[in-house]
Amino acid sequence: WQGWRLLAIDGALCDIPDNPALREHFGFWGSRHGSGCVKGRQSQLFDVLNQLTLDAYIGPKSEGEREMAIHHLAHIEADDLLLLDRGYPAFWLFAAILEQQGHFCARVKANYNKQTGQFIQSGAIEQQIMLAPTYQARSICQVKQLPTDPLPLRLIRVDLADTEVEVLITSLLDTELYPPPLFADLYNHRWPIEEDYKLILARFELENWTGLSQEAIYQDFHATIFTKNLATILAQPTQQTIDLLTAARKYRYQPNMTHLVSKLKDTIVYLFTDPQLPPLLHSLWQLIIQTVEPVRPNRSFPRYKRVHRRRFPMHYKSTR
């Protein structure tokens, strides 16, 4: 995928303090057990190769992931390749991406439509289809001023290790340039955005808000995204040095972002005010090089549903 800018769009819910003003703005997430909480929905346009957030948005939980994704499309460029999970496939969203001259690869549910069901049953590895809009999709396209012509797309079958079948739908139609075996690796490239949400929620403790007003929520959210991006940009120049220093070890090593963010909290103001910036950057880079963690590939753990979720998970180190 050299030459492509690989981007992912994904969203996540976050807990919001409960007071009348925030409940009215963000919405209340009820529970069948009688309790509930205020929830907001966050969304990111994420550069998965550079691990940077290009655009971030937070709003009421009533605003769906697809509707939030539209906000991000203003920031994509021609020939960007977007990776989307199973919550995003929709004719009107595909049409919006293609209208921006972008491309996409999305995972779809087996029962997404009749064509995907027939494709799975056929056992074929790939199939080109014409995706026509439903009545509802046509109405949404008309409201959003998007074309409603059927879209020429391609279905790709990926057999996973646990016997599950993964179905991908893509606008990349050239079977010679983009043969089916490439797509399993391509879709796996969206994993960094999942890890990024773990960084935001568990290590930055986004939900540990500093205020109880709507303005404080928005300020905290965007300050977190900014600080995370700054930490990533500071860490990137050190990777080549870390690779050289750890070449003889079993695993590849990378900067320890939790430790870096902890130190950055004490120095971020100086990065914008200190006239002697090079010595400060040098000290930060030396710290990054000395505090690394291994990258252990192909690890997999079963997911266990927890009855009681800790407010801030203990098995992730805090940045303090």
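In straight-distance terms, cross-link reach from LYS250 covers every one of the lysines whose alpha-carbon lies under 25 Å from its own, apart from those fewer than eight places away in the same chain; here that gives LYS317. Each other residue within a Cβ distance under 15 Å of HIS25 adds +1 if Lys or Arg and -1 if Asp or Glu, for a net charge of -2.
Only DSSP H runs of four or more residues enter the estimate; each adds -39500 (n - 2.57), and after division by the residues of the chain the mean residue ellipticity at 222 nm equals -11000 deg cm²/dmol. Restricting the calculation to Cα atoms, segment 105-155 yields a radius of gyration followed by a Dmax of 12.5, 38 Å.
Over segment 22-110, average the accessible area per residue using a 1.4 Å probe and give it in Å², no decimals. Per residue, segment 22-110 has an accessible area of 42 Å².
Over the Cα atoms of segment 1-101, each weighted equally, I'd like the Debye log10 I(q)/I(0) at q = 0.23 Å⁻¹, rounded to two decimals. With one equal scatterer per Cα and no solvent, log10 I(q)/I(0) is -1.16.
Applied to segment 213-225, the Karplus parametrisation 6.51 cos²θ - 1.76 cosθ + 1.60 on θ = phi - 60° returns per-residue 3J(HN,Hα) values of 9, 4, 5, 5, 4, 5, 5, 4, 4, 6, 5, 5, 4 Hz, with x for Gly and Pro. Taking only protein heavy atoms and a 1.4 Å probe, the accessible area of segment 1-83 is 46% carbon and sulfur. Of the trypsin sites (Lys or Arg not before Pro) in segment 222-292, the ones in a loop by DSSP (not H, G, I, E or B) with at most 15 other beta carbons within 10 Å are ARG249, LYS250. For the listed residue pairs LYS39/LYS265; LYS61/LYS144; LYS198/LYS263; LYS109/LYS198; LYS39/LYS114, the alpha carbons are over 30 angstrom apart in LYS39/LYS114. In segment 139-210, the portion of solvent-accessible area held by carbon and sulfur atoms comes to 51 percent [1.4 Å probe, whole percent, DNA, RNA and ligands not counted]. Stretching ARG252 away from THR163 to a fully extended chain increases their span by 29.1 nm, per 0.36 nm per residue minus the current alpha-carbon distance. Close amide H contacts of LEU131 (hydrogens built in the peptide plane, cut-off under 5 Å, sequence separation of 5 or more or a different chain): LEU151, LEU153.
The stretch between ALA124 and THR175 holds 17.0 nm of extra length on full extension. This uses 0.36 nm per residue minus the Cα-Cα distance.
The values are calculated or read from the model by the stated rules, or taken from the named source; none is laboratory data. All figures in this text were calculated on a predicted structure; none of them were measured in a lab. Counting neighbours? That spans all protein chains shown, and the Cβs are built from the backbone with ideal geometry, glycine included. The protein model used for the area step is the full one, side chains on, heavy atoms only, and it has no ligands, DNA or RNA in it. Shrake-Rupley method; radii C 1.70, N 1.55, O 1.52, S 1.80 Å.
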